[in-house]
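Q: The structure that follows is given in the form of structure tokens.
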């Protein structure tokens with residue numbers, strides 16, 4: 001036990017050194033303004049709700065008015081339990097998150113050390129294996145993403161599976177199931193990857209240990225796994241419901257180029273000077289010293305004649321690394337920029353629905369980290385064994401590896417950012433905590449899309465008042481978020497924007513004047529004051545001259561209460577009727593795929609235009625003149641790909657083309673927002689206009705300022721109607 005504690009202490013020391021300066025000021029430094037603050041909120045919400053109302057864990061305060069809104073993010077419940085003591089004692093979610101990051105680095109190294117020691121039989125070689133696992137280039141790149149550092153439970157699961165197959169006892173079987181459960185509830189990516197790895201790891205372990213899969217053994221192994229699966233499913237149900245209802249899935253992304261495992265980045269301390277060094281934010285460089293140990297371990301695993309079980313476990317780890325490496329290459333296998341053909345990841349994406357929810361194939365490289373760490377540890381063992389046989393001391397070689405291995409993976413990451421916490425938090429957030437009631441709060445103006453990751457600030461600072469908020473940062477955004485953000489971003493603070501907020505039940509408005517350009521602030525605030533009896537001033541805060549406040553748009557906040565007033569009169573939106581059949585239609589467009597996808601009757605296919613240019617179009621030929629009164633463009637995931645700056649033009653068979661002006665009033669906006677919240681499957685951007693005789697319709701998406709932050713524009717179906725009735 002003392003030796004294990006010493007090993008953990010050494011790993012913790014290495015963690016602090018490699019993650020500085022964040023590790024030196026964890027209470028106020030974040031790797032960036034996005035993931036660390038988002039994850040800080042998750043940890044804080046989980047801790048807050050576990051002691052307050054654990055049965056409603058998923059009913060979080062973000063993305064109002066959606067229920068079970070935690071399911072838009074990962075729950076990371078295991079990590080939250082680890083972070084809870086720090087958060088509950090200090091109230092500082094960033095401190096809790098950063099300390100959990102440091103803990104996971106050290107704990108991952110220790111977990112691999114324990115597994116490798118069981119397999120290799122040498123503490124020094126096992127220590128080196130732990131270094132390779134926790135402090136490789138890939139792991140150090142994920143400093144901002146705690147959930148991707150939470151792979152510590154898999155080596156412990158492998159350890160106790162190994163012991164169970166040697167002894168056949170309930171204790172080790174239950175510990176195996178426990179660590180599988182902890183892994184499943186720490187990160188969704190690793191839930192899927194570990195489930196995949198078990199398909200070969202369990203039978204491979206049976207073969208290596210020559211354990212007969214008799215009924216008693218299988219029963220003792222199955223019971224803990226079934227319990228783990230049942231509890232995992234319980235936490236997965238909100239996500240399965242969300243994905244089924246909203247059609248969430250990721251596009252099939254590209255994977256790694258195989259050469260990336262051999263190429264350092266220019267920011268690497270030891271190898272960044274090499275001419276083939278790259279510039280990626282996330283590195284998968286195996287390291288040259290590390291690679292020498294890995295190849296040594298692989299060679300001895302294949303050729304040496306020694307303990308069969310040890311060699312078998314090493315080769316099983318090598319197989320895991322190989323499978324992980326092949327899958328990390330994604331749907332198209334690329335080597336040094338040359339595409340060689342389809343990879344097996346494409347099969348998984350097509351046939352295993354869970355893989356459609358994953359952002360990037362490259363994250364399965366965590367299996368490479370595990371397998372190569374075991375191989376590298378075995379290579380170190382063979383090297384140290386040889387030095388022992390030659391009668392030479394091994395301490396110098398061990399120390400040299402202890403220094404060289406972390407150094408060759410160390411790279412300078414972007415400078416961390418200072419986040420006001422503790423006594424430095426903007427006073428508006430402590431004020432919000434004093435307001436009676438739990439009515440929703442919105443902070444405006446919103447950060448621009450180019451600073452979309454700053455939306456995590458709304459979530460982070462809500463931990464100081466816990467009132468419902470509308471916006472945040474996440475992996476899968478609620479259907480209404482992008483459309484609502486677009487409307488508020490363009491038009492706030494006009495009367496329609498306030499009416500939209502009132503229709504959602506928002507009670508408190510926090511205005512951050514510093515987020516407007518300096519030349520616009522006075523006029524915008526005057527526009528707010530001129531609104532008719534809908535806003536009651538609650539509090540003004542002074543502008544503080546602080547660099548971190550100015551960078552984040554804090555200081556000088558004005559807080560309003562949205563008051564109930566007389567409903568504004570407006571004409572209700574009409575309902576499109578008498579849809580025109582598509583027989584005889586033709587279509588063309590400026591997109592990146594076949595525009596016929598927009599009229600093929602299949603809502604799963606889409607015409608798409610990536611990176612909208614200054615003017616893109618979709619032109620529909622109805623094949624004959626028709627009287628047209630409405631057009632519907634259904635929404636589907638991704639919900640941010642609706643047309644912005646849309647212009648509609650029409651032309652009959654005789655006259656010139658002309659612009660058709662469609663309704664864009666409050667009534668139509670409220671209708672769409674209601675659909676996106678209550679039934680996204682029926683939501684559509686509906687263009688209503690006076691009856692117009694046309695044959696050709698032209699949808700123009702204009703990007704007047706060439707805004708490169710705009711999402712893609714996609715159209716799943718175009719529906720055209722002859723009439724629009726009240």
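Q: Hey, any idea what the orientation-averaged projected area of the convex hull of the chain's Cα atoms comes to, in nm²?
A: 36.3
Q: OK, next. If you wrap segment 384-459's Cα atoms in a convex hull and average its projection over all directions, what's the area in nm²?
A: The orientation-averaged projected area of the Cα hull of segment 384-459 comes to 10.7 nm².
Q: Evaluate E = 1/(1 + (r/R0)^6) for residue 20 and residue 259, where r is the Cβ-Cβ distance and R0 equals 25 Å; express this FRET efficiency to the nearest 0.05.
A: 0.25
Q: Kindly provide log₁₀ I(q)/I(0) values, in the same order as q = 0.21, 0.25 Å⁻¹, from the Debye equation applied to equal alpha-carbon scatterers of segment 575-660.
A: Cα-only, vacuum Debye calculation for segment 575-660: -1.33, -1.71.
Q: Oh, and also: Determine Rg/Rh for segment 568-609; Rg is computed over alpha-carbon atoms and Rh is the Kirkwood hydrodynamic estimate from the same atoms.
A: For segment 568-609, the value is 1.17.
Q: Any chance you could run the full-extension gain for residue 578 through residue 50? It's 0.36 nm times the residue separation minus the Cα-Cα distance, nm to one decimal.
A: 184.8 nm
Q: Decide, for segment 420-562, between rounded, prolate and oblate: order the square roots of the alpha carbon gyration tensor eigenvalues as a ≥ b ≥ c, take rounded if a/c falls under 1.5, and otherwise choose prolate if a/b is larger than b/c, else oblate.
A: rounded
Q: Roughly what angle does helix 518-529 make with the longest principal axis of the chain, taking Cα atoms, 0 to 90 degrees, to the nearest 10?
A: Between helix and principal axis, roughly 60 degrees.
Q: In whole percent, what relative contact order does segment 575-725 give with Cα contacts below 8 Å and a gap of six or more residues?
A: Value for segment 575-725: 43 percent.
Q: Next up: So how much slack lies between residue 540 and residue 653, counting 0.36 nm per residue of separation and subtracting their Cα-Cα distance, in nm?
A: 34.6 nm
Q: In segment 473-491, which residues have a backbone nitrogen under 11 Å from the label point lying 7 Å from residue 245's Cα in the Cα-to-Cβ direction?
A: Under cut-off, by backbone N: 479.
Q: Suppose R0 equals 41 Å; then what is the FRET efficiency for residue 225 and residue 299 from their Cβ-Cβ distance, rounded to the nearest 0.05?
A: Computed FRET efficiency for residue 225 and residue 299: 0.75.
Q: Still on this structure: Once the piece of chain linking residue 503 and residue 702 is laid out straight, how much longer is it, given 0.36 nm per residue of separation minus the C-alpha distance between them?
A: Length gained, residue 503 through residue 702: 68.7 nm.
Q: Hey, another quick one. What is the packing order of peptides 418-425, 325-332, taking the mean over residues of other C-beta atoms within 10 Å and listing the highest first?
A: Going by the mean number of other Cβ atoms within 10 Å, highest first, we get 325-332, 418-425.
Q: How would segment 575-725 be classified by its alpha-carbon gyration tensor: rounded, prolate or oblate, with rounded meaning a/c under 1.5 and the a/b versus b/c comparison settling the rest?
A: Rounded.
Q: Over what distance in Å are the Cα centres of segment 330-387 and segment 1-43 separated?
A: One Cα centre to the other: 26 Å.
Q: Given the rule -39500 (n - 2.57) for each run of at least 4 DSSP H residues, summed and divided by the residues of the chain, what is its mean residue ellipticity at 222 nm, to the nearest 500 deg cm²/dmol?
A: One gets -14500 deg cm²/dmol as the mean residue ellipticity at 222 nm.
Q: On a C-alpha basis, how far is the centre of segment 628-661 from the centre of segment 306-323 in Å? Whole number, if you could?
A: Their Cα centres are 60 Å away from one another.
Q: In whole percent, what relative contact order does the chain give with Cα contacts below 8 Å and a gap of six or more residues?
A: Result for the chain is 13 percent.
Q: Sticking with this one: Helix 481-491 against the longest principal axis of the chain: what's the angle in degrees, Cα atoms only, rounded to the nearest 10?
A: 50
Q: Rounded, prolate or oblate, given the Cα gyration tensor of segment 124-272, with a/c below 1.5 counting as rounded?
A: Because a/c hits 1.5 or more and a/b fails to exceed b/c, segment 124-272 counts as oblate.
Q: Next up: Taking only Cα atoms, what is the 0 to 90° angle, nearest 10, from helix 188-208's long axis to the longest principal axis of the chain?
A: Around 30 degrees separate the two axes.
Q: Still on this model: Quick one: check the C-alpha center-to-center distance for segment 577-595 versus segment 115-130, whole angstrom.
A: When both Cα centres are located, 64 Å separates them.
Read-outs: derived from the displayed coordinates by stated rules, not from any lab. These figures come from a predicted structure and were not determined experimentally. Here the Cβ is made from the backbone with ideal geometry for all residues, glycine too, and neighbour counts use every protein chain on show.
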